[in-house]
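> So that we are looking at the same thing, I have put the structure below in structure tokens.
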Amino acid sequence: MSESIPFLGANDVEALLTPTAAVDALRHALAEGFSPKTDHARIFEPLEHGEFLLMPAETATSTGIKLLTIAPDNPAQGLARIQGLYVLFDSATLSPRALIDGPALTDIRTSAVSVAAIKDALERDAGPLDVVVYGAGPQARAHVRTVTAVLDGTRPMGHVTSVVRSPSRVTPGTDFDAVVAVGSPEAEAATRSAGLILCTTTATTPLFDDKLVRADAVVVAVGSHSPDARELPGALLGRSDVIVEDSGAALRECGDVIMAIGEGELVAEDLIPMAELVRGDQRLLGGRPVVFKSAGMSWEDLVLAQAIAEAAERRG
């Protein structure tokens with residue numbers, strides 16, 4: 001093992017891996033044949049003041065594990081709720097290769113996975129893309145920035161509206177043109193006209209009515225991660241092309257999918273794995289909404305950790 005293992009902090013992650021490069025790396029891994037079905041299971045271990053989240057992964061070219069702690073009481077002490085590291089190993093010798101800031105990697109990974117899944121759907125139209133974002137936190141902003149970067153030169157961004165519980169706490173600016181209240185007429189109007197709806201909240205029940213979603217809209221849901229929580233109404237999934245990272249993971253973890261099936265709105269066989277979409281083995285039907293429901297999988301962090309480490313090695 002090397003005596004000096006490089007540590008790549010949040011600033012390094014941002015400098016070494018652009019949103020576009022992250023999306024390209026994920027799509028390349030799938031196009032080259034990686035199957036998310038082979039991904040290792042995430043491990044949750046309870047602790048006195050929170051829990052461990054361990055995410056091991058392996059591809060043909062790399063091996064790694066994300067080690068996170070989740071401490072619900074930390075924000076009251078001025079500390080981050082989620083902290084941790086990514087440990088990247090040499091694939092042949094399994095020697096540690098790099099340490100990477102875990103939350104920074106997660107921030108770029110989540111939005112990159114979403115855009116990797118919906119890129120084809122977004123590029124079907126060349127007109128301005130009006131966006132509604134439910135939420136205004138780091139993932140809301142990261143998704144807006146990643147979509148903007150990936151569509152640069154292909155499709156112009158239109159109006160971006162953030163929908164939150166307390167608009168007075170969010171200042172419009174770089175990421176959002178407007179901030180409106182959940183359930184307000186302005187929120188409903190913006191949702192009704194949006195070509196892209198991004199859901200990045202901790203909600204456990206649907207954020208909006210199915211009837212507000214255009215027939216050609218693209219919808220992303222990344223906020224809920226348990227079988228009994230969802231951000232989207234079942235009726236929406238029932239009339240949409242539903243993309244998931246892996247059908248098995250979605251049927252275990254994604255409440256949006258599980259509850260829509262339980263309500264008879266959706267059948268498991270209609271789920272579209274993003275790998276098959278990227279490789280061209282399946283295509284979107286068209287003429288209906290497109291929904292991407294993300295569970296978050298270990299292989300995604302590994303692919304991006306490898307890309308970050310390789311960029312750092314090239315930088316020297």
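The values are calculated or read from the model by the stated rules, or taken from the named source; none is laboratory data. Computed from a prediction, not measured in an experiment: that's the story for all the values here. Counting neighbours? That spans all protein chains shown, and the Cβs are built from the backbone with ideal geometry, glycine included. Protein only, heavy atoms only, side chains kept; ligands, DNA and RNA dropped before computing areas. Shrake-Rupley method; radii C 1.70, N 1.55, O 1.52, S 1.80 Å.
> Given a 1.4 Å probe and heavy atoms of the protein chains only, how would you sort 114, 4, 95, largest accessible area at the top?
Details: 114 0, 4 90, 95 35 Å².
Highest to lowest solvent-accessible surface, that is 4, 95, 114.
> Next up: Kindly list the residues of the stretch 216-239 that lie in the label zone of residue 270, defined by a backbone N under 16 Å from the point 7 Å along the Cα-to-C-beta vector.
The answer is 216-217, 219, 232-239, whose backbone nitrogens lie closer than 16 Å to the label point.
> With r defined as the distance between the Cβ atoms of residue 76 and residue 226 and R0 fixed at 22 Å, what FRET efficiency is calculated, to the nearest 0.05? Don't skip to the end; give the middle numbers.
On the way: r = 23 Å, r/R0 = 1.05.
Once rounded, the FRET efficiency stands at 0.40.
> Another question about this same structure. Roll a 1.4 Å probe over the protein heavy atoms and report the accessible area of residue 18 in Å², nearest 10.
For residue 18, solvent-accessible area is about 70 Å².
> What is the set of long-range amide H partners of residue 229 at a cut-off below 5 Å, with H atoms built 1.01 Å from backbone N?
Under 5 Å from the amide H of residue 229 lie the amide H atoms of 255, each far enough along the sequence or on another chain.
> Follow-up question, since we're still on this one. Which three lengths, in whole Å and largest first, does the chain cover when its Cα atoms are put on their principal axes?
Per principal axis, max minus min of the Cα coordinates gives 60, 47, 42 Å.
> If you roll a 1.4 Å probe over the heavy atoms of the protein chains, what accessible area per residue do you get for the chain, in Å²? Mind showing how you got there, number by number?
Details: 14210 Å² over 316 residues.
I get 45 Å² per residue for this part.
> If you take the beta carbon distance between residue 239 and residue 279 as r and set R0 to 30 Å, what does 1/(1 + (r/R0)^6) give as a FRET efficiency, to the nearest 0.05? Write down the numbers at each step before the final one.
Working: r = 25 Å, r/R0 = 0.85.
It comes out at approximately 0.75.
> What is the spin-label model distance, in nm, from residue 123 to residue 313 if the labels are put 7 Å beyond Cα along the C-beta direction?
Inter-label distance under the simple model: 2.8 nm.
> Could you pull the accessible area for residue 313 with a 1.4 Å probe, rounded to 10 Å²?
110 Å²
> I would also like to ask the following. What are the residues whose amide H is under 5 Å from the amide H of residue 63, where those residues sit 5 or more places off or on another chain and H is modelled from the backbone?
89, 91
> Ignoring ligands, DNA and RNA, what percent of the 1.4 Å accessible area of the stretch 110-297 is carbon and sulfur? Before the final figure, lay out the partial values.
Numbers: 3710 of 7480 Å².
The computed percentage sits at 50.
> Further question on the same structure: Among the helices of the chain (complete DSSP H runs), which have Cα atoms covering no less than 15 Å along the helix axis and a Kyte-Doolittle mean of at least -0.5?
Numbers: long enough: 19-31 (18 Å, 0.56); 102-122 (30 Å, 0.65); 138-151 (20 Å, 0.22); 298-315 (26 Å, -0.16).
Those that clear 15 Å and a mean of -0.5 are 19-31, 102-122, 138-151, 298-315.
> Just to confirm my numbers, what's the Cα centroid distance between the stretch 270-310 and the stretch 157-198 in Å?
Cα centroid of the stretch 270-310 versus Cα centroid of the stretch 157-198: 26 Å apart.
> Follow-up question, since we're still on this one. What does the C-alpha gyration tensor say about the overall shape of the stretch 22-175? Classify as rounded when a/c is under 1.5, otherwise prolate if a/b is larger than b/c, or oblate. Intermediate results must be reported in sequence, preceding the final value.
Working: a/c = 2.61, a/b = 1.21, b/c = 2.16.
Oblate shape, in that a/c is at least 1.5 and b/c is the bigger or equal ratio.
> Hey, can you rank 70-82, 116-128 by average C-beta count inside 10 Å, highest first? Please report the intermediate quantities before stating the final value.
Working: 70-82: 11.6, 116-128: 17.1.
Packing proxy ranking, top to bottom: 116-128, 70-82.
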